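Have a look at the structure below, then the notes.
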4 protein chains.
Amino acid sequence: MIRGLTRAGLGTIESYEQLISGAAQYGFKSVDLDPVDFIRQYGQEKATQLLKSNNVIIGSFDLEVDWRSSEERFREGLKALVESAEAAASLGCYKCCTYILPSTDEEAAPFMAVATRRLRLCADILGAYGIRLGLEFVGSWHLRTHWANPFLWKMEDTLDWIETIGARNVGLLVDSYHWHTNGLAVDDLLKLKPEHIVHVHINDAKDGPIEKLLDGDRLYPGEGVIDLHGFLKGLQIAGYAGVVAQEVLTPSTSASVEELLVRSKAGFDKAFANL
Amino acid sequence: MIRGLTRAGLGTIESYEQLISGAAQYGFKSVDLDPVDFIRQYGQEKATQLLKSNNVIIGSFDLEVDWRSSEERFREGLKALVESAEAAASLGCYKCCTYILPSTDEEAAPFMAVATRRLRLCADILGAYGIRLGLEFVGSWHLRTHWANPFLWKMEDTLDWIETIGARNVGLLVDSYHWHTNGLAVDDLLKLKPEHIVHVHINDAKDGPIEKLLDGDRLYPGEGVIDLHGFLKGLQIAGYAGVVAQEVLTPSTSASVEELLVRSKAGFDKAFANL
Amino acid sequence: MIRGLTRAGLGTIESYEQLISGAAQYGFKSVDLDPVDFIRQYGQEKATQLLKSNNVIIGSFDLEVDWRSSEERFREGLKALVESAEAAASLGCYKCCTYILPSTDEEAAPFMAVATRRLRLCADILGAYGIRLGLEFVGSWHLRTHWANPFLWKMEDTLDWIETIGARNVGLLVDSYHWHTNGLAVDDLLKLKPEHIVHVHINDAKDGPIEKLLDGDRLYPGEGVIDLHGFLKGLQIAGYAGVVAQEVLTPSTSASVEELLVRSKAGFDKAFANL
Amino acid sequence: MIRGLTRAGLGTIESYEQLISGAAQYGFKSVDLDPVDFIRQYGQEKATQLLKSNNVIIGSFDLEVDWRSSEERFREGLKALVESAEAAASLGCYKCCTYILPSTDEEAAPFMAVATRRLRLCADILGAYGIRLGLEFVGSWHLRTHWANPFLWKMEDTLDWIETIGARNVGLLVDSYHWHTNGLAVDDLLKLKPEHIVHVHINDAKDGPIEKLLDGDRLYPGEGVIDLHGFLKGLQIAGYAGVVAQEVLTPSTSASVEELLVRSKAGFDKAFANL
């Protein structure tokens, strides 16, 4: 598995250059970023060069299409989706991810119907570029009732949904926080097949009942109670060999990027030990 | 459009022969029945002959697959589905229908995901025989809260779902009672395209607020308040030329089949006048 | 059915304005054009106004995506496809068409596999905008052997392919020339269902064996041997009520646009008489 | 990877019992057989017991549906397909395979269109039982021209076709003979992903130009020129951990089952050494 970073948990990153070189300096081999914006700022050649010279790849990019509201909004994102796919592929990135909010103000069943169709189209467009789509189930309990109607938060239900979406290039984004808040065990990861896992997020949780954990109050890997070593081991046995990207959603901090990179590295060293 | 009957509203029909000849006698050109059971009882040749000699076709047959509970139960119905499709096609019937309960004890969104996949497979199996699948939206208000979670009851949501199911041979079963209880108008039918309408049910409703109408307390066509002429006119303009089958779900009656056929004919004469 | 024009057969049209006002002047209610280029030249508002003031709609636009060569070329067209779909929908046009060359230098079976996947994606993208995709089978005999391997030219095979592509919004573009060169009769059109017909082209053929007719040597409607009245009658009975667009592929002419519009109108008057 | 047998290459096997116990005796852990026939002969309980007591699983069963000729023939196989799927799943077998003849008397492109639709439906039915479908590309040169029109024989084209079929549960059956006759190398196997490989056949080829090798004239593993160790190593690196089943299509032999099992074991010992 490949150690990776997202911006979440690194404080105020000033530039893609800082992100990439910082990652490289602390032993990370991957960063998640917006490929279109990256190329816009640096140009294709310099962007490619920046990755190459730092021996860093792009792990995944976000699905920016709004598949959660109206058809109009959804359609408006399609052109940008094609652009993102082109840009990502041009930089060697073949993973795109989106998250599933566990509740919704829409009526649940009709929304599931339209969401299925929209994500299928996104997957098919991405598929034309060889890009896979990862769906992140979100376990945080407070979000299950944050909007009017329950939607979906279980790993098993997400796998079932993926079967319904039906496209060959769709799988899970498995995030350690949502694995934890869903009360899942290492054994649950062993049921996954390689094609089920598109991308992985890693971060840690405070002690206490999982019902109380807040989505935006996560800890750095190794600083909480999640069995991250077991988590990674399970994914490895299930056949995953891709990027594991840190994503620490947390209240803002006064710590420097440098300090946060040090903490991130320490957490990864611990979680990745003896894998 | 073709006048048709189902058993619902005809009292105690003793045999397929009675159903078919009774239909013919009162000017109906179609009956809905179970093609496998029909052939089992009469044999292929006699069954065919019975339809032909009475100049009656089979309008539609019910999707017997249980797509609403477990995967096991769903799978158990697949062999029978193939048999039904074979039998129906052998008798010249190319329509199969199922209804959508407006609420469910399952979690709505995950259930929508699996239901989509199951109905897609049913549609694809039926499609191999040239058979279309009609989905009946059910408007009755008391059923919207009969089970724990709201599912789907609007015509527009059903059309949206059909787009998601995606198979070319799926459309609506439009029932006048559910059109009425959804508060729809003739104009709403004009938005439909020919391929949207697989089958049509006709029956009437008691006077009073639509919120109070019970699903099992329907009236014979022409004996209630639904604008059935407008209903049929709208479907006709939308390009529908198929079977309109009476389906009067009602508490049991002491009236004879004969009497009920007379009432049915009277209702159709009224609704079909000047179409 | 709605009388329509394409540029083919009108000589040197100088502008969209000339095309649209010329169409209107001679009783045509539709023109086929490139919606992106049209908006680029006139702006959204003026383009809309030009159509509206002439009481003319856009019948269909061409699928510009190259689905016949490499994956790279295919992908390059996707962004433009989204733009075209947006532009077309903004002008009220919901039909897009492409033609199928009856032979190919690719290996036939593998090419069919990739073409199916590519057209499915195009259809799904168009579908997000409510746009249907019409596939034009091309009957001209000399083109069946023009490239190394036979591909597909029969209406029935195209319908079969459409079932395989599977998207609900795909149908035929029926061109009178290809109907004629395939040796089809009016009865063959009666087998079509409304959803099978996305768009119609009309033009005429010289006398003589259909094996000898050249694709680029067509005649104006009414000036050749095709039973265009029967052709239109068949489509009408099959439930088609959309645009019938003239497309006269022919060696260049010295005749003025005016003269050619007069001839076009005369041909349509004849073919549309008593429909 | 799991050592497996098919009947091909074992001479005259008298019973399933002989097949299964013979396999077990010579260190094979899997046999390919017809689950419906097996249960018909032994009953569900005894069949299950026979596998269990010998510690043998069923590797794969053949797709008996005729997807290569008419729609009628295709449909006739669907009921049996459901039965096979049920029977296989009840015995713990979740793989079904079919082979692709490299040429066809049908017109290549239209046949590809219908074959795609048919295999999609088979895959979807199998998918309801959790069963994957493996497509075997057939490289033998003489078969590429045996029927009138070339169809498909390359691994890459088969993968492309699988993308078009689109179902998540479809992959390759990789047979060492067809890998060899396609002139493929170990590197070509490394491009495969775990989900691409459903099943594996192993057998060997005579020396000489691959253009001359006959499909029915294969050798036992280790008795010919194919680098079977490299073949297996490549599949292993690509993530395959399933059954490798011997399938020696060869002119009939006078050798005893016993002798042939000994030769089979010897070949596997050689090919599997140091994996």
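Values quoted throughout were computed directly from the atomic coordinates according to the rules given, and no laboratory measurement underlies them. Just so we're clear, the structure is a prediction, and the values are computed from it rather than from any experiment. Reconstructed Cβ throughout: ideal geometry from the backbone, glycine too, with neighbour counts over all protein chains shown.
Of note:
- The number of residues in the stretch A:212-229 that are in a helix (DSSP H, G or I) and in contact with a strand residue (DSSP E or B) (Cβ under 7 Å, 6 or more places away or on another chain) comes to 1.
- Any chance C:Ser103 is buried (at least 20 other Cβ atoms within 10 Å of the Cβ), out of contact with any Gly (no Cβ under 9 Å at 6 or more places or on another chain) and among the hydroxyl-bearing types (Ser, Thr, Tyr): yes
- A:Cys122 meets all of the listed conditions (1) in contact (Cβ under 8 Å) with a residue 40 or more places away in the chain; (2) in contact with a strand residue (DSSP E or B) (Cβ under 8 Å, 6 or more places away or on another chain); (3) farther than 20 Å from C:Arg118 by Cα but one, namely (3).
- Considering only residues in the stretch A:59-79 that are out of contact with any His (no Cβ under 9 Å at 6 or more places or on another chain) and of a type in the set (Gly, Ala, Ser), the one that is surrounded by the fewest Cβ atoms within 10 Å (Cβ to Cβ) turns out to be A:Ser70.
- Restricting the stretch D:109-134 to residues that are of a type in the set (Gly, Ala, Ser) and assigned to a loop (DSSP other than H, G, I, E, B) leaves a set whose member that is farthest from the chain's Cα centre (by Cα) is D:Ala128.
- When each of A:Glu76, A:Glu86 is tested for being more than 30 Å from A:Phe28 (Cβ to Cβ) and within 10 Å of chain C (Cβ to nearest Cβ), the lone residue that passes is A:Glu76.
- Unique match (being surrounded by fewer than 21 Cβ atoms within 10 Å (Cβ to Cβ), in contact with a Gly (Cβ under 7 Å, 6 or more places away or on another chain) and closer than 22 Å to B:Asp157 by Cα) among B:Val198, B:Val186, B:Val257: B:Val186
- Single residue of the stretch A:89-108 satisfying the filter (part of a helix (DSSP H, G or I) and among the hydrophobic types (A, V, I, L, M, F, W, C)) that is farthest from the other protein chains (Cβ to nearest Cβ): A:Ala89
- B:Leu133 vs. criteria buried (at least 23 other Cβ atoms within 10 Å of the Cβ), in contact with a strand residue (DSSP E or B) (Cβ under 6 Å, 6 or more places away or on another chain) and closer than 22 Å to D:Asp124 by Cα: yes
- Scanning the stretch A:22-45 for residues that are surrounded by 15 or more Cβ atoms within 10 Å (Cβ to Cβ) and not aliphatic (A, V, I, L, M) yields A:Gly22, A:Tyr26, A:Phe28, A:Lys29, A:Ser30, A:Asp32, A:Asp34, A:Pro35, A:Phe38, A:Tyr42.
- Scanning the stretch C:137-166 for residues that are part of a loop (DSSP other than H, G, I, E, B) and within 19 Å of the chain's Cα centre (by Cα) gives C:Val138, C:Gly139, C:Ser140, C:Leu152, C:Trp153, C:Lys154.
- Applying the set (1) of a type in the set (D, E, K, R); (2) more than 12 Å from chain D (Cβ to nearest Cβ); (3) closer than 30 Å to B:Ala108 by Cα to B:Glu45 leaves exactly one unmet item: (3).
- Note on the stretch C:163-194: residues that are touching a strand residue (DSSP E or B) at 6+ places or on another chain (Cβ under 6 Å), of a type in the set (Gly, Ala, Ser) and within 14 Å of another protein chain (Cβ to nearest Cβ) amount to 1.
- Residue that is nearest to C:Tyr94 (Cα to Cα), among those in the stretch C:111-159 that are of a type in the set (Gly, Ala, Ser) and more than 14 Å from chain D (Cβ to nearest Cβ): C:Gly130
- Subset of the stretch B:153-169 (residues that are under 19 Å from B:His199 (Cα atoms) and either in contact with a Gly (Cβ under 7 Å, 6 or more places away or on another chain) or of a type outside the set (D, E, K, R) (or both)): B:Trp153, B:Met155, B:Thr158, B:Leu159, B:Trp161, B:Ile162, B:Ile165, B:Gly166, B:Ala167, B:Arg168, B:Asn169
- Test: residue in the stretch A:236-248 that is farther than 30 Å from A:Ile131 by Cα and either aliphatic (A, V, I, L, M) or surrounded by fewer than 16 Cβ atoms within 10 Å (Cβ to Cβ) (or both): no
- Which listed residue, of A:Val56, A:Val82, is hydrophobic (A, V, I, L, M, F, W, C), surrounded by 14 or more Cβ atoms within 10 Å (Cβ to Cβ) and under 27 Å from A:Arg120 (Cβ atoms): A:Val82
- Residue check: A:Ile237 meets all listed conditions (1) under 30 Å from A:Gly166 (Cβ atoms); (2) without any contact (Cβ under 8 Å) to a residue 60 or more places away in the chain; (3) touching a Ser or Thr at 6+ places or on another chain (Cβ under 9 Å) but one, namely (3).
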